[in-house]
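Chemist: First the structure, then my questions, so here it is.
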Amino acid sequence: MSLPSYELLSIESYPSIESILESETQTPITVTDMSQSGILPPVPGMEHMEPEQVPPANPIQPITVNATQKEVKMNMPTPFTGDRKKLEEFLIETNMYLTMNEDTYNNNNRQIIFTLFFMKDGTAGSWKQSFWTQARENNNLGTWDEFKRALRESFSAPDKEGDAVTKMETETMSGQTANKYIK
C-alpha cells in the first residue's frame, strides 16, 4: 500500500503579519475649504492650504488588535438583559472594564461593540439587534457618549423620583412603612 505524498511548504512561503497589515488601506475622503463655497466663513491662516486627506467620520471598520496589547484580567461586565434597575450597574461595570483596558478599547467603535456583546438576551438583545442594523445601514455607530445616552433613554426608569417615593410609602420595616420613621 502506498501512501500519498504531500508537498511541504516552508514558513517563508507565507506572508508575514507585517506585510498583511501594511497592505490594509483606508479610503480617505477629500475635505476642501468650506469657506470657498460660501458655507462657512474663512478661517484665518487656512486661506492658502491645500485640501487634506482625512478618514470618514467614525465609520464602522473591522477591529484589529495589536498582538502586543493584552487586556487586564478582571471580571467582565454582567450581561444586561434590559432590566431597568440594572442599567446603571451595567454601565458602571462596562466603564470600569473599558477604563482598565483603554489601550485596547481606545475608540468609539471598540467601546460600543464591546458593550453590545454583553446585551444578548431579553429586551436588551432586541435593542442591540435594532441598533446594530441601523448602524450598519448608516455605516456609523456614533460616539460612546451618544450610545450611552441612547441606552439610558431606552432603559432608564421613566420616573425615578416617583418610583422612589412609592417604594418608601409601600416598603415596610418591622411591619411599619417609612412614614413612621420620617419626621
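The values are calculated or read from the model by the stated rules, or taken from the named source; none is laboratory data. Computed from a predicted model, the values in this text were never measured in an experiment. Here the Cβ is made from the backbone with ideal geometry for all residues, glycine too, and neighbour counts use every protein chain on show.
Chemist: If you check every pair at least six apart or on different chains, which have Cβ atoms under 9 Å apart with a residue in region 140-154 that is under 9 Å from ILE112 (Cβ atoms) first and a residue that is surrounded by fewer than 17 Cβ atoms within 10 Å (Cβ to Cβ) and among the small types (Gly, Ala, Ser) second?
Modeler: GLY142/ALA150
Chemist: All but one of (1) surrounded by 11 or more Cβ atoms within 10 Å (Cβ to Cβ); (2) modelled with pLDDT under 95 hold for PHE117; state the number of the condition that does not hold.
Modeler: (2)
Chemist: Okay, next question. Please go through region 149-158 and give me each residue that is surrounded by 10 or more Cβ atoms within 10 Å (Cβ to Cβ) and either among the hydrophobic types (A, V, I, L, M, F, W, C) or at pLDDT below 75 (or both), ordered by number. Walk me through it before giving the result.
Modeler: Step one: filter region 149-158 for residues surrounded by 10 or more Cβ atoms within 10 Å (Cβ to Cβ), giving 149-152, 154-157.
ALA150, LEU151, PHE155, ALA157, listed by residue number.
Chemist: Does any residue of region 120-128 turn out to be under 18 Å from PRO79 (Cβ atoms), part of a helix (DSSP H, G or I) and of a type in the set (D, E, K, R)? Full working, then the answer.
Modeler: First, the residues of region 120-128 that are under 18 Å from PRO79 (Cβ atoms): 120-128.
Checking which are part of a helix (DSSP H, G or I) leaves us with 122-128.
Next cut, of a type in the set (D, E, K, R) only: 128.
Checked region 120-128: at least one residue is under 18 Å from PRO79 (Cβ atoms), part of a helix (DSSP H, G or I) and of a type in the set (D, E, K, R).
Chemist: Something else now. Only residues that are assigned to a helix (DSSP H, G or I) and of a type in the set (Gly, Ala, Ser): list them for region 129-152, please.
Modeler: Residues of region 129-152 assigned to a helix (DSSP H, G or I): 129-138, 144-152.
Those that are assigned to a helix (DSSP H, G or I) and of a type in the set (Gly, Ala, Ser): SER130, ALA135, ALA150.
Chemist: Taking region 126-145 as the region of interest, how many residues are surrounded by fewer than 15 Cβ atoms within 10 Å (Cβ to Cβ) and of a type in the set (Phe, Trp, Tyr)?
Modeler: Of all residues in region 126-145, those surrounded by fewer than 15 Cβ atoms within 10 Å (Cβ to Cβ) come to 126, 129-130, 133-134, 136-139, 145.
This time we only want the ones that are of a type in the set (Phe, Trp, Tyr), so: none.
Number of matching residues: 0.
Chemist: Working carefully through the options PRO79, PRO56, find the one that is closer than 24 Å to ALA135 by Cα, modelled with pLDDT under 85 and not in a strand (DSSP E or B).
Modeler: Values: PRO79 fails: modelled with pLDDT under 85.
Only one candidate passes the filter, namely PRO56.
Chemist: So, in region 75-109, exactly how many residues are under 14 Å from the mean Cα position of the chain (by Cα), hydroxyl-bearing (Ser, Thr, Tyr) and surrounded by fewer than 16 Cβ atoms within 10 Å (Cβ to Cβ)?
Modeler: Number satisfying all stated conditions: 1.
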